[in-house]
Structures are given as structure tokens and as C-alpha cells.
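Since the structure comes first, as C-alpha cells, the remarks are kept for the end.
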Amino acid sequence: MRQLLFILKKKNVYVLSKQLLLSGTSIGANVRESRFAHSPADFISKLTIALKEAEETQYWLELLFKSNLISDKDYQSMHDDADELISLLVSSIKTYKSECITLSQELHSS
């Protein structure tokens, strides 16, 4: 029975950590991809996807933590990093949208 529990715990760690890896690396990939966006809407879309992936990353972190698969210290550190990324992405999206609106208004008033 102990061996079975160990195997199940190990499998859970693998599944959850794989999901964490996928969502976590997707953040950077989408930000990188946004550098060569085809349009302002494409740029915003890429950053929005990165934002969603950052939120998903926090979800997987929470599951790992609540399952006692990562320490409080590791959870807090990674969660804080994800919070910072989320704040940066939200700010970037808002700023870019605002600049697009301002530019559009200036073009229409000329």
C-alpha cells in the first residue's frame, strides 16, 4: 500500500509539474512572439494570451502547494514572481491600448 501511495504521489507531481512547465514557458513564448505582431490587435492578443498563461501558472502552483508537493517557501517565491508578471502584463496591455486609442483620436481629428 505504501508503495502504491508513493507511486501515485510521484505521478501527481509529474502531471502537475508538467502542466506548470507548459503554462510557465508559454508566458515568455507569447511575449517574445508579440515582438513581431502583425497588427496592434495581434500584439494585444499575444500579451493577453501570456496573461492567461500566467494566471494558469498560478493555478498549477496552488494545486502543487495544496497537495503538499512543494514547500511554502517555494510556492510563495514562484507565486510572487507570477504576480509580478501578471502586473507587468496588465500594465503593458492597458498602456498599449491607451496609446492606440490616443493615436487613433489624433489621426481622426487631423
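So the values come out like this:
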quantity: Those residues of region 60-72 which are without any contact (Cβ under 8 Å) to a residue 40 or more places away in the chain and loosely packed, with under 15 Cβ neighbours inside 10 Å, in sequence order; calculated: Glu62, Lys66, Asn68, Ser71, Asp72
quantity: Filter pass, Phe43 being farther than 20 Å from Ser23 by Cβ, touching a helix residue (DSSP H, G or I) at 6+ places or on another chain (Cβ under 8 Å) and either touching a residue at least 12 places away in the same chain (Cβ under 8 Å) or part of a helix (DSSP H, G or I) (or both); calculated: yes
quantity: Those residues of region 61-75 which are modelled with pLDDT of 95 or more and either over 18 Å from Val13 (Cα atoms) or not in a helix (DSSP H, G or I) (or both), in sequence order; calculated: none
quantity: Single match in Lys52, Lys97 (criterion: among the basic types (Lys, Arg) and closer than 30 Å to Val13 by Cβ); calculated: Lys52
quantity: Residue pairs meeting the criteria (Cβ under 9 Å; at least 6 apart or on separate chains; first of a type in the set (Lys, Arg) and modelled with pLDDT under 95, in region 78-98; second assigned to a helix (DSSP H, G or I) and surrounded by 13 or more Cβ atoms within 10 Å (Cβ to Cβ)); calculated: Lys97/Pro40; Lys97/Ile44
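The values are calculated or read from the model by the stated rules, or taken from the named source; none is laboratory data. Values in this document were obtained by computation on a predicted structure and should not be read as measured data. Cβ atoms come from the backbone with ideal geometry, glycine included; neighbour counts cover every protein chain shown.
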